[in-house]
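Taken together, the values in this text are just the output of simple stated rules run on the coordinates, not laboratory data. Because the structure is predicted, anything quoted here is derived from the model rather than measured. Neighbour counts are summed over all protein chains in view; Cβ atoms, including those assigned to glycine, are modelled from backbone coordinates with ideal geometry.
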Amino acid sequence: MATWLQSKWRYLFMLLGVQLVVMALLSREGYHKRVSYFIRIFRKQETTAPGSAHARNHTGSDVYANLSLLAKAQSRGEDMPFCPKTSPLIGGPIHVTFPSGLTLKEVERKNPLVVRGGRYRPPNCEARHRTAIIIPHRNREHHLKFLLYYLHPFLQRQQLNYGIYVIHQAGNYTFNRAKLMNVGFREAMREEDWDCLFFHDVDLIPEDDRNTYMCDSNPKHAAIAMDKFGYKLPYKMYFGGVSALSPLHYLKMNGFPNNYWGWGGEDDDIGVRVSLGGMLISRPSLKVGRYKMIKHKLDKGNDVNPRRFNMLAKTRQTWKLDGMNTVEYDVLSRDHLPLYTNITVHIGTEAGLHVLPTPLKKPVNAPAKQVVKGPVKLPAKLQEEQPQNQQGRPTKH
């Protein structure tokens, strides 16, 4: 009996020993798994640390990096080949900072191929696209300096034939961004038959040159992902910041509204006009259509428009009666500067185009005031598309 009990206890202890060994092995395997897991996390953090290849790709490269590949052509002949459909100079993400001490002279020095008026053509090939950049402006010289610093090389990397127009609102009356864009369209088209016009806020810097400044078959909203909105589209019909229209798109939607004085509302009105004109909104991907905003306070003379929602509710009734066919303004000066064409205009007030509310200082040797009265210059194939007034005749200004 005693021998049987000893044997029973012996087997029991052996079974317990085997279980302990198995548990130890399993625990050790789990330990290694946990260690391996943390090692993988650590290695992942190392690969995304500052200075790594991944981090450099995320933060982007110097926007001027690829321009050293350009060489000034000796002469431009008639048989110059077209540029490639996809520019070999495009590099993707761009590193955007705002260095202190930057001057327009420095921007000019870094862009030797840009000629007066802010015009550029690729030196070694014929551009496939002609793009005008329209920048509504007043009292934003600090922001304009940074935009020009990034925008010129950004456009050159895309091998565009381009020109930059700064439309400066004279006087101290409430700012009217959309009306200035109407002015910009007309004045740019007077100079050249551009096939695409980009309407560009002065405080937005593009962060990826794969966001091409060329028009699509529908109106393009380029600034789909701004840092101020967490690089997301704030709402579906948003059309603010940076947008692009061909002349035909512009005519179909009767341009932009002229009666939004102050901040807000005009972007949504324009988005509605796109739809009413029988078009859709085209956008790049969130990864490509990224913009960094230069931080600033709300401008003096650009207070929030308290009537914007009431006006927006009436867009369906007003869009054919207020737009490119009703814009009025006086050109006070046109200056072809080294980096852009500056057009200073008087656009009146909510009461209309009348005597300037305050006297303005003209530049020395400035030309006499030009009052815009004639129809805008358009390519011949688009003349028949021009909006008409209620008598069925093209509207004159």
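A few comments on the model shown:
- Label-to-label distance for SER61 and GLU108 is 2.9 nm, based on points extended 7 Å past Cα in the beta-carbon direction.
- Flagged links, alpha-carbon separation over 32 Å, of LYS110/LYS295; LYS110/LYS220; LYS105/LYS320; LYS295/LYS320; LYS110/LYS228: LYS105/LYS320; LYS295/LYS320
- Fraction of antiparallel bridges per DSSP, segment 92-385 only, in percent to nearest 5: 50
- Dipole-positive endmost among PRO219, ILE134, PRO338 within segment 92-385 (Cβ charges, Cα centre): PRO338
- Length available on full extension from ALA313 to HIS336: 0.36 nm per residue minus the Cα-Cα distance, which gives 4.3 nm.
- Local electrostatic count at THR103 - Lys and Arg +1, Asp and Glu -1, tallied over other residues with Cβ under 15 Å: +1
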